[in-house]
Every structure is written in C-alpha cells, then in structure tokens.
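Some notes on the structure that comes next.
Just so you know, all these numbers are worked out from the coordinates, no wet-lab data involved. Note that this is a predicted model, so its numbers are computed, not measured. Glycine also receives a Cβ, built like all others from the backbone with ideal geometry; neighbour counts cover every protein chain displayed.
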C-alpha cells in the first residue's frame, strides 16, 4: 500500500502535514475529511515499507498483545499511552521495535491500522482490516478482542496440527534415510558377490532391480539432490507470486485426503470473521472485503470477491458462493436460511465452531491412520531389500553344498 504525503489545514486554519497509507487519492480525501482537515496538496509516494517490515513475531505473542491492548483501551487508557505501556513491558525485542514505530506514527496522525500495515509479517491482513473497521465503526476494543481470540484459536489449531503431524513426519524422514543408506551404501557391497550369478542369468529379478537402483543412486544421487533442491527453491519463489499462490491454494483444496481438511479450515476462518464483523455492525460489503483475506486461500478469496459484486446488485450471498463450487453444500444452505431469517451473524459463528470441531476430528483420524500405514510401507520396503539380498545368498549356498 503506497504512502500519500498530504498538506492540509485544520478548522483553525493551521497547516498540517503528514503521511497516510491508502489505496487511492479518494481514500486519502476520505481520511482527511474524517479528521476534519481540508486538503491543500496530496502527493503519492512509494510503497510504505518500514525499516523493520520483515520482522516476524509469533502468533501467541500477537494474540496476547491484542488482548492487552483491548483491556487497556476498555479501561480508558488513551491509545498512545497504551502502546507505550505495552512497548515498555514486552520482553520481545522485535515487538518493542514495532510498537515504538507504530506509536510514533499514530502520534504523527496516522491511524492504528495504517501504522500496523507497515509490518505485514507481524500483523496479519485480517488483524489490520479488523482494526481499521473497528476504528471506523467505534468498536476498536471489541475488534481487538475478536482478533486476539481468532489469533489464539488459529495458533492453537496450528499447534495441534503440528504435534499430530510430528510423528508421521519424523517416521517418514527416518525411514527414507534408512532405506537410502541401505540401497546406496550397503547393497553395493553385495554386487561383486552376485556378479557371477548375474553373468549366468541366475540372479533373481528383484535382486537385479535392486542393484540397478543402487548403481543409479551412486552415480546420479548428487544430481538428484541438486535437482530436488533447485526445484524446491523454484517452487518456493513461484508460490510467492499472486498467480503461483492461487495455483498452490487450488491444489491444496483438491488433494485426495488433505484437500477437504484445508478447505474446511479456510471456510471456517471466513465464516468466523464475517460473522464477527456483521455482529459488530460492519456493512456486509466491507465485512466481505475483510473476511475474504482471513480465509487464507486465494481461490476462496476470489469466490468471495465475486459474491460481493453480486450482493452490490441486490442478490443474496448464498447463491454466488454455491455457484463457485468451493463451499460445502451444507454451509451454503445454512447461510441461505440465515439470510432469510436475518440471523446471518450468529449462524456464521456457529458454522465456524462446527466446522473446526468436525475437521479437527477428521485430521486426528487421518493422522492415526497415516502412522500405521507409513510403518507398513517402511517395513515392506525393508523386507523387499532383505529378500533381494538373501535369496541369491541362499541360492549360492545351495550350489556350494
């Protein structure tokens, strides 16, 4: 988002200058009007990037920050003083730097949302938009509490997912290393022993195939590792582009077993944020603009953006969501009924709760099934290697006998 340098005059005629982060001149004019300032000159600058914009702070720390800031504001402490208090009491050096810059910009006339937007790796897009909506709608304390709850829930879910996947990942990694060491370093020691059987055509096909794989790994192993590293690097940078991220998000929700889980979590995030915003009186178009970023999936975000256009022309929300084909039928039906009964905000939050609980159970079940499956695959591969090595040895011993 670019910075706009402005020169304006207040109600007393005094000159006021400053910077505003906005998407267009029109938004700058709207902000100045809200501050009772009369614009004299507006100049567009470069994209606003803070010196420490790359600073990253953990989600748990940010959830605590939002909660504490909401408590201070609700107790009547001014915003600037609240930011100073939080900066002084935090032991996180990165967060201290961020809060110092945010407080200085708020003091210079920027809104809290504008100052937060300069640190995209610390403040999520959802948090920034929620704070902006809360500041404009007069419910900043509630917005911060909602962001704290949402962030804490998301971090808890991320932690549970990571702990559930830790054992399968470790098992898969160790198994891959063990099999690779066996094939590349252990199997070649038998190649000379089996050479006579191979020349006579008496070497079992499974042993011959294993020796071939071993020779290929010895000859081209480094090239394979280098190619894999290059491919991984290329994919990483590709995903950082808008088109690459959209394709990656589409692949995620189309995966055979994990796809429905990714989709359900994204839909639940969208429903929770949208329901929270509507409950606090945010207009539905503005609420959709904020909540579509909270979904964390570009494919769903585009479907929600298309739904916003239909709502602008007087249609319902459920119909375009159903047309997109990405939202579960049950979710669409409940949204449709909620729109008719004017209980959309409550139903959306209930939907989010139900989706998260159900999807968490599905994730736990999938992980429980994945663990024995990986053990079986690992045992099968090792068994094949052992059989491929033992059969020729037994045949040679019988021949010698």
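Counting only alpha carbon atoms, the long axis of helix 59-74 and the longest principal axis of the chain meet at about 20°. Normalised by the number of residues in the range 139-401, the mean separation of alpha-carbon contacts (under 8 Å, six or more apart) gives a relative contact order of 23 percent. Seen through its C-alpha gyration tensor, with square-root eigenvalues sorted a ≥ b ≥ c, the range 276-330 comes out oblate because a/c lies at 1.5 or above while a/b is not bigger than b/c.
Ordering 61, 17 from the fewest to the most neighbouring beta carbons within 10 Å gives 17, 61.
Each of the peptides 329-341, 125-137 was scored by the mean count of other Cβ atoms within 10 Å over its residues; in descending order, highest first, they stand as 125-137, 329-341. Measuring max minus min along each principal axis, the C-alpha atoms of the range 56-105 give extents of 29, 22, 16 Å (largest first). Helical content alone sets the calculated 222 nm signal of the chain at -25000 deg cm²/dmol, taking -39,500 (n - 2.57) per DSSP H segment of four or more residues and averaging over every residue.
Each of 7, 207 was scored by other Cβ atoms within 10 Å of its Cβ. Listed from fewest to most, they are 7, 207. Rounded, prolate or oblate: which one fits the range 81-128, using the alpha carbon gyration tensor with axes a ≥ b ≥ c (rounded when a/c is under 1.5, else prolate when a/b beats b/c, else oblate)? Oblate shape, in that a/c is at least 1.5 and b/c is the bigger or equal ratio. Compute the Cα gyration tensor for the range 93-162, then decide on rounded, prolate or oblate, letting a ≥ b ≥ c be the square roots of its eigenvalues: rounded whenever a/c is under 1.5, prolate when a/b is larger than b/c in the other cases, and oblate in all that remain. Since a/c reaches 1.5 but b/c is at least a/b, the shape of the range 93-162 is classed as oblate.
From the alpha carbon centroid of the range 96-170 to that of the range 371-395 is 50 Å. Helix 329-341 and the long axis of the chain differ in direction by around 20°, with both axes built from C-alpha atoms. Between the beta carbons of residue 247 and residue 379, assuming R0 = 51 Å, the FRET efficiency works out to 0.90 to the nearest 0.05. Taking 0.36 nm per residue of separation and subtracting the Cα-Cα distance, full extension of the segment from residue 218 to residue 56 would add 54.2 nm.
Centroid-to-centroid, using Cα positions, the range 297-318 and the range 173-233 are 53 Å apart. Available extension along the chain between residue 200 and residue 5 is 61.7 nm, counting 0.36 nm per residue and deducting the alpha carbon span. The C-alpha atoms of the chain define a longest principal axis, and helix 344-400 lies at about 20 degrees to it. By other beta-carbon atoms within 10 Å, ranking 124, 313 with the fewest at the front produces 313, 124.
Residue ranges 245-251, 173-179 sort as 245-251, 173-179 when ordered by packing (mean number of other C-beta atoms within 10 Å per residue, highest first).
Peptides 272-281, 258-267, ordered by how many other C-beta atoms sit within 10 Å of their residues on average, highest first, read 272-281, 258-267.
Largest GNM mean-square fluctuation among 223, 139, 150, using the chain with Cα springs under 10 Å: 223.
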